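Below is one structure, written out as structure tokens, with a few remarks after it.
The values are calculated or read from the model by the stated rules, or taken from the named source; none is laboratory data. Given the structure is predicted, the values throughout are model-derived calculations rather than measurements. Cβ atoms come from the backbone with ideal geometry, glycine included; neighbour counts cover every protein chain shown. All accessible areas refer to the heavy atoms of the entire protein, side chains included, with ligands and DNA or RNA removed. Shrake-Rupley method; radii C 1.70, N 1.55, O 1.52, S 1.80 Å.
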Amino acid sequence: MNCTRILPILLIAAGAALAQTAPQADSGKPAPPPAIKSFDLTAIDKTADPCTDFYQFACGNWVKNNPIPGDQVRWARSFSLLRERNRYLLWQELDAAAASPKSPLQKQFGNYFAACMDTSTVEKKGLSPIQPAFKAIDGLKNAKQLPALMSKLENGGTPDGFFGFGVGQDDKDSTKQIAQLYQGGLSLPDRDYYIVDNKHFGDIRAQYAEHLKKMFALAGDAPEAAAKEAADVIRIETAMAKASTSRTDLREPENRYHIYTLVDFEKLMPAFDWNTYFHAVGIGSFDSLNVASPNFFKALNDLVQSEPVNAWKSYLRWHALHAQASNLPKAFFDENFAFFGKTLQGQKEPVARWKQCSSMTDNALGEAVGQDWVKQNFPPAAKASMDKLVAALEKSLGDDIKTLPWMTDPTEKAAEEKLAMIRNKIGYPEKWRHYSSVKVKRGDLIGNIHRSTVYERNYNFAKLGQPVDEKEWGMTPPTVNAYYDPSFNDINFPAGILQPPFFDFTIDPAVNFGGIGVVIGHEMTHGFDDEGSKYDGKGNLREWQTAEDRKAFTERTDCVAKEYGGFEAAPAQGDTAAQLLNGKLTLGENTADNGGLRIAYLALLDTLAAQGKSIDEKIDGFTAKQRYFIGFAQVWCQNQTDQSARQAALTDPHSPGRWRVNGSVQNFDEFGKAFGCSKGQPMYPASSCRVW
Ligand SMILES: [Zn+2]
């Protein structure tokens, strides 16, 4: 099940939940992380020419001196360090709440955290928390019983893995919340892992098969049975992968919008009794729904009929086991880490238990935990100051739209209308969600996870047919990220990112505009990238550009896609060739980066002019213009394992740090001018791409 969010919301960066955690409680208490500099002179590689490779110039020394910690797979100067810091602050709150809660809310999240930290009970319980799921799966007699079995598993909090189902806004009428079905069912990070025929993926598939066998054996299955089960899982998942629409194709809103009446959908997949399923999961009644990938469900129909019942048992048993692998005893944890952490991502050691338990509590009860967190870490003055910054960025995007060379008047007017309708959410929700109905018990980690999963699912199901709550948030307050939601047409900045080095009261405006200013500009531009621009100001999928302007727009986005498609995402490894970036998968993010850099720069010029300051004034030997670009670049200084870079190239719509920096500055002439580059140098090319 994946039902909390329907549309892919457009983030500033990939999520943090990449790393796998450690099974044992740590000796000693975590130490507070150091303060993060918003502008770091020691990060700069002065031997590099900013006009040739600006990323190397702004980040080179940082990259050289900051190897990836053993528990990380991607280590970024701003995002990772701030995530570590926020998580430490969260841990302090959770640890205190677990020891001596001062309110019913603190008692609830304190207990959730304590249950997660209690590894001796985890060991003692063994597989017993997932035995009820195993038992239900074992009782499957024929494929006709699959809908009843799957709903039973889901009602107990065990994800079944087949597909995603939930409630979300209708793409063409954002005031309506409708039932939606998506493709799913895979355990590896992308369909390519199952179907691309080369040595790299071949090796991973062979190791995946070994991992499956080991996990089944740990669960008590005899070696021959485990081998047979592993083969079943791989065969079924591979068939699902083949029937899946690619990530790049799913970025097209039209490719994921297929309204079916219930009657017609049942004809598409008659082998599965949907009526029974929908009824048993307890969602309200509906007579039409969106089926994001009809071909997937067509293939699933054949698969349900052709695979023997024992193969489905293997598949479901695997998914029940895999879903909780890192919350089971150490033997399961270690085997899971060996494959999903080490082999797939190059992670050397697991994340400390306190870190993972802090993140898990935030995931499960974020708006409970967040109430204390924002009191401690987000003063009202920060919100007022953010309001001003957002207003400055809105104005500069409006000015930018007026000067676009390719846009005709009717489209310009429509773009301005859409911009005026973007709503801003800053810091944290106006009203908090209640979790009082989620039963949380000490010594019952997996039980707590199950109950919270079911609670989230039912919370989502309850939206069916209801008015949209425009004040709802899709991120918890301590999160270091931001997003634009095309159906809401809103931009969202959690308190977690409104901290140094992104947002710093003590630093000059140039650095703040290069940090949080570009983040705001990035999210606003998402409303106008190749995907976001298909939605109007009300959040409806509707063309508002003239045909002529759409053509001009697409020529420009094609330029960006081609440019980034030539950048290397991961180096060659042994027999495996270097991996290039997917220019189409990353197009929306790259467009948003380019637009964000331009409009935050315009907003900085306005702000300095209003303060009577010059853009050429120097601090630390750099002009305000240069500090703006360096501040921007230093957000993206990073190191990443080759394995993780290769995975991200297939799955992450964001480009790696180097190209977020160099790709953006080489498309913006003000950069070349700021650093006195000569036209024709790599970062100041004779011709470049520009959308917004
Ligand atoms: Zn983004």
Pairs, please: C-beta under 9 Å, at least 6 apart or cross-chain, first residue acidic (Asp, Glu) and in region 52-67, second part of a helix (DSSP H, G or I)? Asp53/Gly60; Asp53/Arg658; Asp53/Asn662
Would you call Ala217 open to solvent by less than 30 Å² (accessible area, probe 1.4 Å), of a type in the set (A, V, I, L, M, F, W, C) and outside any strand (DSSP E or B)? no
Reported set for region 99-144 where residues are outside any helix (DSSP H, G or I) and in contact (Cβ under 8 Å) with a residue 24 or more places away in the chain is Asp118, Gly126, Leu127, Leu140, Lys141, Asn142
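Within region 564-573, count every residue that is assigned to a loop (DSSP other than H, G, I, E, B) and either hydrophobic (A, V, I, L, M, F, W, C) or within 16 Å of the ligand (Cβ to nearest atom) (or both). Steps first, answer last, please.
Taking region 564-573 first, the residues assigned to a loop (DSSP other than H, G, I, E, B) are 566-567, 571-572.
Filter once more, keeping what is either hydrophobic (A, V, I, L, M, F, W, C) or within 16 Å of the ligand (Cβ to nearest atom) (or both): 567, 572.
The total comes to 2.
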Going residue by residue through region 165-184, is there one that turns out to be under 24 Å from the mean Cα position of the chain (by Cα) and modelled with pLDDT under 95? no
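Each row is one residue, and each column tells you yes or no for (1) part of a strand (DSSP E or B); (2) under 24 Å from Gly532 (Cα atoms); (3) of a type in the set (Lys, Arg); (4) open to solvent by 10 Å² or more (accessible area, probe 1.4 Å).
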| position | (1), (2), (3), (4) |
| --- | --- |
| Lys152 | no, no, yes, yes |
| Asp160 | no, no, no, no |
| Gly166 | yes, yes, no, no |
| Gln169 | yes, yes, no, yes |
Could you name every one of the helices (runs of 4 or more DSSP H) located completely within region 574-677 that has at least 1 residues being within 24 Å of the chain's Cα centre (by Cα) and within 16 Å of the ligand (Cβ to nearest atom)? 587-610, 624-634, 642-651, 657-666
What number of residues within region 111-132 are farther than 23 Å from Leu365 by Cβ and not hydroxyl-bearing (Ser, Thr, Tyr)? 6
Elements of type helices (runs of 4 or more DSSP H) contained in region 416-527, each with 2 or more residues being within 16 Å of the ligand (Cβ to nearest atom) and crowded, with 23+ Cβ neighbours inside 10 Å: 518-526
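Condition check: touching a helix residue (DSSP H, G or I) at 6+ places or on another chain (Cβ under 9 Å) and either closer than 22 Å to Met360 by Cα or free of Cβ contacts under 8 Å to residues at least 24 places away in the same chain (or both). Does Pro494 satisfy that? Before the answer, list the steps.
Numbers: touching a helix residue (DSSP H, G or I) at 6+ places or on another chain (Cβ under 9 Å): yes; either closer than 22 Å to Met360 by Cα or free of Cβ contacts under 8 Å to residues at least 24 places away in the same chain (or both): yes.
Against the criterion (touching a helix residue (DSSP H, G or I) at 6+ places or on another chain (Cβ under 9 Å) and either closer than 22 Å to Met360 by Cα or free of Cβ contacts under 8 Å to residues at least 24 places away in the same chain (or both)), Pro494 qualifies.
Residue check: is Thr248 more than 18 Å from Leu127 (Cβ to Cβ) and in contact with a Leu (Cβ under 8 Å, 6 or more places away or on another chain)?
Numbers: more than 18 Å from Leu127 (Cβ to Cβ): yes; in contact with a Leu (Cβ under 8 Å, 6 or more places away or on another chain): yes.
It is true that Thr248 is more than 18 Å from Leu127 (Cβ to Cβ) and in contact with a Leu (Cβ under 8 Å, 6 or more places away or on another chain).
So how many residues does region 220-251 have that are more than 28 Å from Phe332 (Cβ to Cβ) and either assigned to a loop (DSSP other than H, G, I, E, B) or open to solvent by 50 Å² or more (accessible area, probe 1.4 Å) (or both)?
As a first pass, look at region 220-251 and keep what is more than 28 Å from Phe332 (Cβ to Cβ): 242-243, 245-251.
Imposing the further condition that a residue be either assigned to a loop (DSSP other than H, G, I, E, B) or open to solvent by 50 Å² or more (accessible area, probe 1.4 Å) (or both) reduces the set to 242, 245-247, 249, 251.
Of the residues in region 220-251, 6 are more than 28 Å from Phe332 (Cβ to Cβ) and either assigned to a loop (DSSP other than H, G, I, E, B) or open to solvent by 50 Å² or more (accessible area, probe 1.4 Å) (or both).
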Assuming Trp692 fulfils every condition listed in (1) under 21 Å from Phe528 (Cα atoms); (2) modelled with pLDDT of 95 or more; (3) buried (at least 22 other Cβ atoms within 10 Å of the Cβ) apart from one, which condition is it? (2)
Check Asp197 against each of (1) among the charged types (D, E, K, R); (2) closer than 30 Å to Ala645 by Cβ; (3) open to solvent by less than 10 Å² (accessible area, probe 1.4 Å) and name the one condition it does not meet. (3)
Kindly evaluate Ala16 against the criterion of being at pLDDT below 90 and either open to solvent by less than 20 Å² (accessible area, probe 1.4 Å) or touching a strand residue (DSSP E or B) at 6+ places or on another chain (Cβ under 9 Å) (or both). no
Cross-chain or 6+ apart pairs with Cβ under 8 Å, region 543-568 first and under 23 Å from Asn582 (Cβ atoms) and in contact (Cβ under 8 Å) with a residue 24 or more places away in the chain, then in a helix (DSSP H, G or I) and of a type in the set (Val, Ile, Thr): Thr557/Thr591; Val560/Thr591
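Please tell me if Asp530 is within 16 Å of the ligand (Cβ to nearest atom), surrounded by 19 or more Cβ atoms within 10 Å (Cβ to Cβ), among the charged types (D, E, K, R) and closer than 27 Å to Val480 by Cα. Walk me through it before giving the result.
Values: within 16 Å of the ligand (Cβ to nearest atom): yes; surrounded by 19 or more Cβ atoms within 10 Å (Cβ to Cβ): yes; among the charged types (D, E, K, R): yes; closer than 27 Å to Val480 by Cα: yes.
In short, yes.
For Ser27, state whether it is exposed (fewer than 15 other Cβ atoms within 10 Å of the Cβ), at pLDDT below 95 and either within 16 Å of the ligand (Cβ to nearest atom) or farther than 28 Å from Met475 by Cβ (or both).
yes
Would it be correct to say that Ala391 is touching a strand residue (DSSP E or B) at 6+ places or on another chain (Cβ under 8 Å), part of a helix (DSSP H, G or I) and among the aliphatic types (A, V, I, L, M)? So that I can check it myself, show each step before the final result.
Working: touching a strand residue (DSSP E or B) at 6+ places or on another chain (Cβ under 8 Å): no; part of a helix (DSSP H, G or I): yes; among the aliphatic types (A, V, I, L, M): yes.
Spelling it out, it is not the case that Ala391 is touching a strand residue (DSSP E or B) at 6+ places or on another chain (Cβ under 8 Å), part of a helix (DSSP H, G or I) and among the aliphatic types (A, V, I, L, M).
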